[in-house]
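Worksheet: one structure, shown below.
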Amino acid sequence: MPLAICGLGRFATRRILPAIAQCPNVELAAVVDRSGNAQDLPAGVRRFTSLEAFLETNPVGAIHIASPNFLHAHHSLQCIKAGLHVLCEKPMATNSMDCQTMIHAAQNLNLQLWVGHMLRYSPALQLARHWLQNGLVGKPLSINTVFHYELAEISRPWAFRSDLSGGGALMDAGIHCIDVIRLFTAEPISLLTASTDRHTYEDGVERSATCRFAAGTVNCLVDVNCHAPYETSLTISGTDGRIVIDNFAASWGEVAVKLHANDRGELGKQELVDVSMVYAEQLRNFANAIAQPEHAAFQDISAAENVRTVEELYAIS
């Protein structure tokens, strides 16, 4: 499948390009890089400094939208209208209304519209989901997520402008936590409480947030902070035990998936899982879906729901 990349920044260079190299069913056909300084690309890859110039060539296949948040909807819609399948980085858009516009456009043209919630393809989370579905922790009671990291404003100068980013740490990383919780519960979310520090900053954008909501009968917690040392963790507690994944958001190396007994907290079992192919697995599945036109095209409604959930959390914080 020919694939173009729109936005060749640090993320695309570190994550998308290596993933393409690991996917035999994906070929990098073009890059849209406004700087014009793209280097170390495979031979034959076409270079464009604007998306408009690229689309004027009547490309076929798919495109990975890796531009800044505020351009996700605009760039995705341009490509959908040009007949391209789209894999858009998260958040899907900076507001839920734009998300719905993207979905409707892709539905009308029967095109694939995926969003880069790559943790859905983490084998560590898939293993935890398997344990949960097989009753190893009994009835699930709670899911707690922690996502702390250090976001250098110099690397994304638009990150703390809500009109450009859609929000702060909650929209940037908390949305991954919300998506992971949806992966485990598949239940409607009911918001309970949300607390952010956005009112302490002149720009009105939060650097930390603590949010609680219910997914069906499961109590959920999202603790996110973009001005803290890196740490991610996921804990799923049930009537008969709990599953713990430290570094659950990793897309490199190995991650330990642990099962603890509830009464004494002893380690019942542990498996080390290689998560280094998460981005490649996402791309492989995307390409496979495009290669099967007999199946209905997929539009990522749950990614749009993630954006709407973040909006609602802002409204009650």
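Rule-based calculations on the coordinates, nothing more; no lab input. The structure displayed is predicted, hence computed values, not measured ones. Neighbour counts are summed over all protein chains in view; Cβ atoms, including those assigned to glycine, are modelled from backbone coordinates with ideal geometry.
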Per DSSP, loop chymotrypsin sites (Phe, Trp or Tyr not before Pro) in segment 204-267 with at most 13 further Cβ within 10 Å
W252
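Determine the percent antiparallel among the DSSP beta bridges restricted to segment 110-223, to the nearest 5. Before the final figure, lay out each step's value.
Values: 13 of 18 bridges.
Close to 70 percent.
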Nearest 10 degrees is fine. How inclined is helix 278-290 to the longest principal axis of the chain, computing both from alpha carbons?
60
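List the GluC sites (Glu not before Pro) within segment 27-93 that fall in a DSSP loop (any state other than H, G, I, E or B) and whose Cβ has at most 16 other Cβ atoms within 10 Å. Kindly include the intermediate steps, with their values, before the conclusion.
Values: sites: E27, E52, E56, E89; in loops: E56, E89.
Counting only loop positions with at most 16 other Cβ atoms within 10 Å, the GluC sites (Glu not before Pro) in segment 27-93 are E56.
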In nm, to one decimal, how far is the modelled label at N219 from the one at D246, with both set 7 Å along Cα→Cβ?
2.5
Could I have the simple spin-label model distance between T13 and Q39, label points 7 Å from Cα toward Cβ, reported in nm to one decimal?
0.8
I'd like to compare 69-75, 9-15, 274-280: which one has the highest average count of other Cβ atoms within 10 Å, and what's the full order after that?
69-75, 274-280, 9-15
Please give every one of the lysines within straight-line cross-link reach of K139, meaning a C-alpha to C-alpha distance under 26 Å, and leave out same-chain neighbours fewer than 8 residues apart.
K258, K269
Please give the helix 175-185 orientation as an angle from the longest Cα principal axis of the chain, in degrees from 0 to 90, rounded to the nearest 10.
60
Quickly estimate the mean residue ellipticity at 222 nm for the chain, helices only: each DSSP H run with n ≥ 4 gives -39500 (n - 2.57), and the total goes over all residues, rounded to 500.
-8000 deg cm²/dmol
Rounded to the nearest 10 degrees, what's the angle between the helix 72-81 long axis and the longest principal axis of the chain, both from Cα atoms, 0 to 90?
50
Full-extension gain between T49 and N108, please, as 0.36 nm times their residue separation minus the C-alpha to C-alpha distance.
18.3 nm
For I316 and N285, FRET efficiency with R0 = 45 Å and r from the beta-carbon atoms, rounded to 0.05?
0.85
On full extension of the chain, what length is gained from Y230 through F298, given 0.36 nm per residue of separation minus the C-alpha to C-alpha distance?
21.1 nm
